[in-house]
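Take a look at the structure set out below.
The numbers here are math on the coordinates, done by the rules we state, and not lab data. Here the structure is a predicted model, which means the values were calculated and not measured. Heads up, the Cβs are rebuilt from the backbone with ideal geometry, glycines too, and the neighbour counts pull from every protein chain shown.
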């Protein structure tokens, strides 16, 4: 049962558009979309050209110029909004003719009178001249999108988003003189021409006026003066570290305050209002005799017969196989009841290998003792300890100190690895490992990373591991307890335990939710043929993690067949494990965030489901669940929550309550997963809702049920006691993909362990 009354309305970041009811166009058959470019150039200035479904559609812009042969058609905007939507994204740029576009579809431009780096520097007491050549500029993005707030009510809106653009204008020799290590960093053209590729490659070497590149798109050698560092957050941070050194943290704090004027809920809402005033000044020219006018803000409300806004029921955490006890908050339920599988958990006497810097042995021992036994009644975060909360009989640590005295940074990883090899030469067996790293060693890249080297070695042996930084070990007492909560949940899950599930009314014989993702295993951004692996995670309807699968590596062209084999394999495993009987109703719900371009992952998933469930009555649903969309929800009635008890600063202002669902179309919903109570910091930007879309080939299409299920799966992450922004079906797949991409840098790493020893393990948490 959903609650439709808690909200009167929600504002968005979009504007209503008044559009022609009908448009006249010319349509002709045009099979190859790759040939559209020359045709668009031929007809430029006189015709707008749009390809869709094997046809080329032409909309007259002005009289004269070449004629177009084809079928004269009349399109009703209410039924065929896609043509005007595409034209709008072209036409918006004409309103902003004084701005040089960064991108045309959607239309993106940079603010002209706002430069945030210099302002932040001044506020931080840093001379703006010290950061000359480094700029941060608000980046405005306008997207025309179709939405359907109620049945048969199809509209087009214009939606504004604001991001930040980072630019490093300093010449490479200047950066080198300031101490920036340039090798391996990506560079772009300093002054690209329209249509010219910006990204050039990675720096290999700089000799005089020439720059040698690895992974180059074209020339492997270019003029130094023609290039600049790519304006990524990573590069920007590296440059700041070199220039400001100890002053970097102070600058970043000041910068966060300045950036907040564009990112916090009330501030972002104000910027949207300002854009609306500008857009409403004059109509948008769509073509000969065709105009669009920008109207008021798009407001979702429940004024009509079809509810547009409603609240999902709160998620209940479950701590017993019978469906009880339950709790509203994860840690409260754990502390009061113990984990879900406390009566059947096999590893009640786990033995953990702890790898740590020798010089920090005392501090690490202190931390480990507190984690095992608790921090005492005076510490509200973690009073009783891991053993008692999880119902263990014992917890044994085996310490492996690593002597790092005099060890160079590029030799830290091998030193860790050698220490582990010596330790594992004995007969001891370990259920999991904890790897403690010095802060400045935690982010070492590739083969130099002690974390990746140790994780690779331990995973090959079937031992899941947990990284902990020394900054975590040495936290203040009032903070460390809350960190230990998250460690307790993650570690218990890595030991194959089930901390909790969520309440789920079983409606069919078996319901499985299957997360699908992929990883591109290549260090190169220019490689034409990258290696891919498919990632599949399988959960029961109540969120219990069943198993994961990582497919074999393959080329892009072979990915569909490899993915088909992987999905079929996991479904057969689950079919046998759950004992599907002929005639059983089985519901398979697939979640994906970003299927590979040009590959119909939904069709492959459906084929596999029907094949494995040939003897069953199989219901199928395929959802895309993503934060990568232009829609934003703004609740002006939400004041936010105090950052801490008694504090004046508030967090999460204008963020809709967790579980708020907004109808965007018949098969699409927006779902708010974070609210003021779950946002931790005052300057955290307004959270973006999830866009949930049910694919048209689905046989099970209850989008409200599926959206509420997505919300439940955000409460199932065993990386933290707090809900995650994304459902675990997506976040686990993305986590695996990220980890596989990093492990690729380790020469002797193999994914074989993931399909054997760690098949049922949550090693990636």
**Fill in**
One checks the Cα atoms of segment 279-371 and finds Rg and Dmax, in Å, of 29.0, 79
**Protection proxy ranking of 198-211, 362-375 - average other beta-carbon atoms within 10 Å, highest first** = 362-375, 198-211
**Fill in**
All alpha-carbon distances of segment 162-245, grouped into 5 Å bins from 0, give the whole-percent distribution 3, 15, 27, 26, 18, 8, 3, 0
**Item:** Sequence-separation-based contact order of segment 570-646, relative, with Cα cut under 8 Å and 6+ spacing, percent
**Value:** 39
**Item:** Label point distance in nm, residue 250-residue 366, each placed 7 Å from Cα along Cα→Cβ
**Value:** 2.9
**Asked** Relative contact order for the chain: what is it in percent, counting Cα pairs under 8 Å that are at least 6 residues apart?
**Response** 12
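Beyond 25 Å, what share of the Cα-Cα pairs of segment 622-765 is found? Please give it as a whole percent.
The answer is 42 percent, as a whole percent.
Calculate for the chain the 222 nm mean residue ellipticity that helices alone would give, adding -39,500 (n - 2.57) per DSSP H run of length 4 or more and normalising by residue count, nearest 500 deg cm²/dmol.
Rounded to the nearest 500, the figure is -8500 deg cm²/dmol.
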**Fill in**
Normalised per residue, the volume inside the convex hull of the alpha-carbon atoms of segment 85-203 in Å³ amounts to 165
**Prompt:** Sorted from fewest to most neighbouring beta carbons within 10 Å, what does the list 494, 282 look like?
**Reply:** 282, 494
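In whole Å, what three semi-axes, largest first, describe the equivalent ellipsoid of segment 1-158 built from its Cα gyration tensor (square root of 5 times each eigenvalue)?
38, 27, 13
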**Item:** Spacing of the two label points (7 Å from each Cα toward its C-beta) at residue 273 and residue 18, in nm
**Value:** 2.3
**Message:** Sequence gap at least 6, Cα distance under 8 Å: using those rules, report the relative contact order of segment 347-494 to the nearest whole percent.
**Reply:** 29
**Cβ-Cβ FRET estimate between residue 301 and residue 577, R0 fixed at 45 Å, reported to 0.05** = 0.45
**Centre separation in Å (Cα based) which lies between segment 364-421 and segment 460-493** = 8
**Prompt:** Quick one: length gained pulling residue 347 to residue 197 fully straight, 0.36 nm per residue minus the C-alpha distance?
**Reply:** 48.5 nm
**Message:** Using all alpha carbons of segment 125-269, what is the percent of pairwise distances in each 10 Å bin, ordered from the shortest bin to the longest?
**Reply:** 10, 32, 27, 19, 9, 4, 0
**Request:** State the extension gain, in nm to one decimal, for the chain segment bounded by residue 42 and residue 603, taking 0.36 nm per residue of separation less the distance between their alpha-carbons.
**Result:** 198.3 nm
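What is the order of 77, 454, fewest Cβ neighbours within 10 Å to most?
Ranking 77, 454 by Cβ neighbours within 10 Å, fewest first, gives 77, 454.
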**Request:** Calculate the translational D of segment 347-494 in whole µm² s⁻¹ from Stokes-Einstein, where the hydrodynamic radius comes from the Kirkwood formula applied to all Cα pairs, the temperature is 4 °C and the viscosity 1.567 mPa s.
**Result:** 82
**Complete:** Here the residues of segment 536-557 lying in the modelled label zone of residue 756, meaning backbone nitrogen under 19 Å from a point 7 Å along Cα-to-Cβ, are 548-553
**Request:** Please report how far the C-alpha centroid of segment 26-90 lies from that of segment 132-194, rounded to the nearest whole angstrom.
**Result:** 29
**Item:** Geometric extent, Cα atoms of segment 216-327 - Rg, Dmax (angstrom)
**Value:** 25.7, 70
**Item:** Sorted by Cβ neighbour density within 10 Å, fewest at the top, the residues 398, 573
**Value:** 398, 573
**Request:** Could you tell me, in Å, what Rg and Dmax come out for the Cα atoms of segment 599-638?
**Result:** 17.4, 52
**Prompt:** Counting DSSP beta bridges with both partners in the chain, what percentage is antiparallel, nearest 5?
**Reply:** 75
**Prompt:** Regarding segment 425-583, what whole-number volume in Å³ per residue does the convex hull of its Cα atoms give?
**Reply:** 186
**Request:** Take the Cα atoms of segment 30-107, build their convex hull, and give its volume per residue in Å³.
**Result:** 122
**Asked** Under a point spin-label approximation (7 Å from Cα along Cα-to-Cβ), what is the residue 52-residue 105 distance to one decimal in nm?
**Response** 1.2
**Asked** In units of 2.2 N^0.38 Å, what is the alpha-carbon radius of gyration of segment 357-441?
**Response** 1.30
